[in-house]
1. In whole percent, and with a 1.4 Å probe on the protein chains, what portion of the accessible area of the range 3-83 is carbon and sulfur?
2. Over the range 1-65, with the other protein chains present, what is the accessible area per residue in square angstrom, probe 1.4 angstrom?
3. Identify, among Pro34, Trp52, His9, the residue whose Cα sits farthest towards the positive end of the charge dipole of the chain, taking +1 on the Cβ of Lys and Arg and -1 on the Cβ of Asp and Glu, with the dipole about the Cα centre.
4. Rounded to the nearest 20 Debye, what is the dipole magnitude of the chain about its Cα centre when Lys and Arg each give +1 and Asp and Glu each give -1 at the C-beta?
5. Taking 1 over the mean of 1/r across every pair of different Cα atoms in the chain, what Kirkwood radius in Å do you get?
Amino acid sequence: MTNRFISMHDVIDRVPFSKTQIYRKIADGTFPRPVPLGPHRVAWLESEIDAWVAERLAARDALKGLEERRLRASRRAMGARKP
């Protein structure tokens, strides 16, 4: 992994969030914080953004099939209620 700085524009290209959404996620601790580079300039570490994306993929894969199982259980429950 590299410690290359990337701009907000580059972050937005990598994740499906607006600038406002990104700052909200930073505020609630669910997104990597930017690094101040100057009085009016921040950037993100590319490696931290890549790690965040990888965490989201791992979370998705850990729940693989969960929605299908919920749907089947719901159908069984509805079938059991029929007279």
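The values are calculated or read from the model by the stated rules, or taken from the named source; none is laboratory data. Predicted model only: the values in this text are computed from it and were never measured. So basically every Cβ, Gly included, is an ideal-geometry build from the backbone, and we count neighbours across all protein chains shown. SASA here: full protein model, heavy atoms, side chains in, ligands and nucleic acids out. Shrake-Rupley method; radii C 1.70, N 1.55, O 1.52, S 1.80 Å.
1. 55 percent
2. 72 Å²
3. Selected residue: Trp52.
4. Approximately 820 debye in magnitude.
5. 15.5 Å
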